[in-house]
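The values are calculated or read from the model by the stated rules, or taken from the named source; none is laboratory data. Please read these numbers as outputs of a predicted model, since none were measured by experiment. Ideal geometry is used to build each Cβ from the backbone, glycine not excepted, and the neighbour counts take in all protein chains shown. Please note that ligands, DNA and RNA were not included when accessible areas were found on the heavy atoms of the full protein model with its side chains. Shrake-Rupley method; radii C 1.70, N 1.55, O 1.52, S 1.80 Å.
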Amino acid sequence: MTAGGRVKSNAKQLALGAESSSVFEVVARAGYVANALIHALIGVIVIVIASGGKGEGDQAGAMKAVAAAPAGFVVLWLIAIGLCALGVWHAAEGLLARDRSGDTKGAARKWGRRLAEWGQAAVFLALGLISAAVAIGARPDADQTAEHASRALLRVPGGSIVLAGIGLVIAIAGIAFVAMGVRRSFRARMRIPDGAPGRWVMVLGVSGFVAKGVALFSLGALLTVSAFLTDADTAGSLDGAVDAMLALPLGPALTWTIGVGFLAYAAFTVARARFARM
């Protein structure tokens with residue numbers, strides 16, 4: 001076996017070990033609860049902004065709100081551990097994705113699943129690291145970071161194309177979230193309970209996925225517009241997308257609805273911690 005083959009084999013063994021560990025599964029499921037807490041805080045902050053108040057309606061803003069609470073740094077460390085464990089779980093799921101058919105379509109499905117799982121892994125690991133950074137005293141400003149990164153990209157040849165590409169990818173992710181909500185495709189990865197609890201999980205899932213999709217699409221649109229205008233000040237984080245929605249006709253009502261949708265997504269994510277297939 002080649003060195004590359006041994007590395008791949010060892011990585012798969014580690015992934016299998018992670019998936020078969022009941023303790024690790026519990027910690028990974030706790031990551032869903034941590035993600036729910038973040039989305040709930042974002043939802044509350046977005047509703048406050050829609051009602052005329054002030055706040056940072058993004059993940060960093062939510063984590064800074066946690067940091068301001070008594071013993072907030074402890075909660076942030078728990079969030080970081082849960083999110084990182086969930087990220088590792090998704091990375092293992094991607095690594096262990098199989099092509100059972102052996103044809104071209106099967107290979108495409110396998111790599112589509114891998115990319116989706118690894119994309120989720122990257123998001124959860126990044127959020128976990130941000131939570132850990134805030135726990136030790138960092139106070140990131142997502143809007144400023146997005147603007148600085150966009151400005152740096154726009155200064156290099158072809159940077160506007162890269163920025164537009166990032167914006168389009170985020171916008172497409174937003175459309176995908178809306179589609180998952182409308183089609184209720186999240187059912188495939190969960191054991192939906194029977195009766196009224198199952199119906200509530202479905203309602204929360206549909207409304208939450210659609211609301212998050214609209215927010216992501218708005219963020220992607222901001223970055224794409226920034227690239228075409230070559231104006232880094234137009235770029236921003238999710239908080240900037242919320243501000244952009246406020247400027248639209250019926251903006252406060254739309255933004256308030258998005259905030260409620262984030263709360264629905266948070267409730268759905270708690271249910272996901274219980275009923276996800278892992």
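In square angstrom, rounded to the nearest 10, how much accessible surface does I175 have for a 1.4 Å probe?
100 Å²
Divide, for region 102-251, the radius of gyration over alpha carbons by 2.2 N^0.38 Å, where N is the residue count.
On the way: Rg = 18.2 Å, N = 150, 2.2 N^0.38 = 14.8 Å.
Its radius of gyration relative to the 2.2 N^0.38 Å reference: 1.23.
Within a Cβ distance under 13 Å of N35, other residues only, what is the Lys/Arg minus Asp/Glu net charge?
Values: positive: R29, K212, R272; negative: none.
Combined, the nearby Lys, Arg, Asp and Glu give +3.
Checking a compactness column here: for region 17-88, what do you get for Rg(Cα) / (2.2 N^0.38 Å), N being the number of residues?
Values: Rg = 14.2 Å, N = 72, 2.2 N^0.38 = 11.2 Å.
Normalised Cα radius of gyration, region 17-88: 1.27.
Provide the gained length on full extension for the span V203 to A149, in nm with one decimal, where the gain is 0.36 nm per separating residue minus the Cα-Cα distance. Let's see the in-between values first.
Values: separation 54, 0.36 × 54 = 19.44 nm, distance 3.73 nm.
That works out to 15.7 nm of additional length.
Amide H of M190 versus every other amide H placed in the peptide plane: which residues, excluding those fewer than 5 positions away on the same chain, fall under 5 Å?
For M190, the qualifying residues are R277.
Can you pull the Rg over Rh of the chain, Cα-only, Kirkwood? Kindly include the intermediate steps, with their values, before the conclusion.
On the way: Rg = 19.5 Å, Rh = 19.9 Å.
My calculation of the ratio gives 0.98.
Given the options A142, G82, L95, identify the residue whose Cα lies farthest towards the positive end of the charge dipole of region 64-205 (+1 on Cβ of Lys, Arg; -1 on Cβ of Asp, Glu).
L95
Within region 94-204, what whole-number % of the accessible surface is contributed by carbon and sulfur, with the 1.4 Å probe and all protein chains included in the calculation?
Working: 4440 of 6760 Å².
Solvent-exposed carbon and sulfur of region 94-204 make up 66 percent of the total.
To the nearest 500 deg cm²/dmol, what mean residue ellipticity at 222 nm is calculated for the chain from DSSP H runs of n ≥ 4 alone, each contributing -39,500 (n - 2.57), summed and divided by the residues?
Details: 10 runs with 220 residues, N = 278.
Here the helix-only value at 222 nm equals -27500 deg cm²/dmol.
Put +1 on the Cβ of each Lys and Arg and -1 on the Cβ of each Asp and Glu in region 140-222; which of G198, G159, I172 then has its Cα farthest toward the positive end of the dipole?
Among G198, G159, I172, the one farthest towards the positive end of the dipole of region 140-222 is G198.
Where Rh denotes the Kirkwood radius from the mean inverse Cα pair distance, what is Rg over Rh for region 162-278? Spell out each step's value before the answer.
Details: Rg = 15.8 Å, Rh = 15.0 Å.
Result: Rg/Rh = 1.06.
Roughly how much of R98 is accessible, in Å² to the nearest 10, using a 1.4 Å probe?
Spelled out: R98, probe radius 1.4 Å, area about 140 Å².
Can you list the HN-Hα couplings for region 54-69, worked out from phi with the Karplus curve (6.51, -1.76, 1.60; θ = phi - 60°), rounded to whole Hz and with x for Gly and Pro?
Using θ = phi - 60°, the values come out as 10, x, 10, x, 8, 4, 5, x, 5, 5, 5, 5, 5, 4, 6, 7 Hz.
Can you give the accessible area of D194 in Å² (nearest 10), computed on protein heavy atoms with a 1.4 Å probe?
Estimated to the nearest 10 Å², D194 gives 140 Å².
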